[in-house]
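Worksheet: one structure, shown below.
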Amino acid sequence: MSLTKKILIGMALGIFVGLIFNFLIPDWFGVADRYILYPVSQIFLGLIKLLVVPIVIISIVLGTAGISDPKKLGRIGIKTVVFFLITTSIALVIAISVGNILQPGMVEGIEPDPNAAIEEKEAPDVVETLIDIVPTNIFLSMTEGKMLQIIFFSIFFGFALAQLQGKVPTIKKVFDEANSILMFLVEVVMKLAPYGAFALIAIAIGEAGIDAIRAMGNYFVAVLLALFLHLVIIYGSVISFLGKMNPFTFVKKFFPAITVAFSTSSSSATLPVSMDTAQKNLKIPKSISGFVQPLGATINMDGTAIMQGVATVFVAQLYGVDLSISDLAMIVLTATLASIGTAGVPGVGIIMLTMVLTSVGLSTEAIGLLLGVDRLLDMTRTAVNITGDAACAQFITKSEEKHERKAVETA
């Protein structure tokens, strides 16, 4: 049986077990969670997160070093960043439009939870965000998991390696061999994925339950619809017209990574699997995959942006606040900035939502209403996030192939 089928079976069993706990034996859920589900899920997540930082460093260094031409590196870098910024902005427009059409906040009998305790953060400053990209201590950055700083250092190091390959062949060989070791470890850890998926899904269903999903049904449907539209229309168009591949074939080949993203709710934790799947199944060159996908796991959060857009409209409707055009523009700007450097870990989107709500003067108390179903939505938006990263890598691959053909023809 393939790994994908095993993961799907694990997820199905997790849903079944979670519903049993929620409806039939809710008193036993705490015991099962404490001694079985939580340990299994955390061991799986711990093992896969253990590989994230070294894989990001090794893959970006090798990806950058593999693009020995500085012009090509700059060209790919600019196209990648512009692609992510444009798709994130489009995702927010879709989210706000869906929110205004479906009006998920027009619900009677639901009041915000005043006891909801969420860590509030100030909206990011553009200048400070740019300055913070450059690390002063890379080891401290690795310890604290500051991915933008790690990526900057890796690109910087890889650029030097690309220019000095003839003088430092041993270093290049060490990184190649380290990459082989890490990919082997990914395969070992992924054998535990069905068990991890089972535990994570069972916890999500057991905690949230059907009542929470019913209470937030309109919001839930609005977010899922916006995610679906973005996936089908925007990513589908990119894959078909720019990536020169049938979208259904793309999804089928990339599906193993999507299932892992859905179960872990973490772009960073899924990164080793998504890169391995893109390189083996989609035939994306390691140099492009190793550059684009780690960068995307850090700054490409279209799914999270969609949640923030719908949630902001939902909260405004709940409190009877009319958002102006300038408010909507502020939502797009703040949510786009908030997505840059956001850690790709479970639940971070709901914390970053406080930035967006504060930017337009909305209370953050209503976030308590979203917590019940956020874990389930987090799974879906993470799957959308990593699909966008792979779609960008596919587009860059075809774009570079076209550029190289033109270069040959004009030579």
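Considering segment 40-78 alone, what residues qualify as being free of Cβ contacts under 8 Å to residues at least 40 places away in the same chain and closer than 19 Å to Thr270 by Cα?
Matches in segment 40-78: Gln42, Gly46, Leu50.
Quick check on this structure: which one of Ala297, Ala278, Ala311, Ala305 is in a helix (DSSP H, G or I), crowded, with 24+ Cβ neighbours inside 10 Å and under 9 Å from the mean Cα position of the chain (by Cα)?
Ala297
What residue, of Val260, Val292, is β-branched (Val, Ile, Thr), within 16 Å of Ile86 (Cα to Cα) and in contact with a helix residue (DSSP H, G or I) (Cβ under 7 Å, 6 or more places away or on another chain)? Step through it out loud before you land on a result.
Working: Val260 fails: within 16 Å of Ile86 (Cα to Cα).
Exactly one residue qualifies, and that residue is Val292.
Answer yes if at least one residue in segment 264-272 is part of a helix (DSSP H, G or I) and closer than 19 Å to Thr87 by Cα, and no otherwise.
Narrowing segment 264-272 to residues part of a helix (DSSP H, G or I): 264, 267-272.
Narrowing further to those that are closer than 19 Å to Thr87 by Cα: 267.
Within segment 264-272, one or more residues are part of a helix (DSSP H, G or I) and closer than 19 Å to Thr87 by Cα.
Go through (1) surrounded by fewer than 18 Cβ atoms within 10 Å (Cβ to Cβ); (2) touching a residue at least 40 places away in the same chain (Cβ under 8 Å); (3) farther than 19 Å from Glu207 by Cβ for Leu13 and report which single condition fails.
Against the list (1) surrounded by fewer than 18 Cβ atoms within 10 Å (Cβ to Cβ); (2) touching a residue at least 40 places away in the same chain (Cβ under 8 Å); (3) farther than 19 Å from Glu207 by Cβ, Leu13 comes up short only on (3).
Which of the residues that make up segment 128-154 are modelled with pLDDT of 75 or more and among the β-branched types (Val, Ile, Thr)?
Ile131, Ile133, Val134, Thr136, Ile138, Thr143, Ile150, Ile151
Condition test on Phe228, is it aromatic (Phe, Trp, Tyr) and free of Cβ contacts under 8 Å to residues at least 60 places away in the same chain?
It is true that Phe228 is aromatic (Phe, Trp, Tyr) and free of Cβ contacts under 8 Å to residues at least 60 places away in the same chain.
Which members of segment 39-81 meet the condition of being among the β-branched types (Val, Ile, Thr), more than 20 Å from the chain's Cα centre (by Cα) and farther than 29 Å from Gly166 by Cα?
Scanning segment 39-81 gives Val40, Ile43.
Would you point out the residue of segment 271-296, among those that are touching an Asp or Glu at 6+ places or on another chain (Cβ under 8 Å) and β-branched (Val, Ile, Thr), that is nearest to Thr64 (Cα to Cα)?
The qualifying residue nearest to Thr64 (Cα to Cα) is Ile288.
Consider Asp327 against the criteria (1) outside any loop (DSSP other than H, G, I, E, B); (2) of a type in the set (D, E, K, R); (3) at pLDDT 85 or above: it satisfies all of them except one. Which criterion is unmet?
(3)
The values are calculated or read from the model by the stated rules, or taken from the named source; none is laboratory data. None of these values were measured; they are calculated from a predicted model. As a convention, Cβ positions derive from the backbone with ideal geometry for all residues, glycine included, and neighbour counts pool all protein chains shown.
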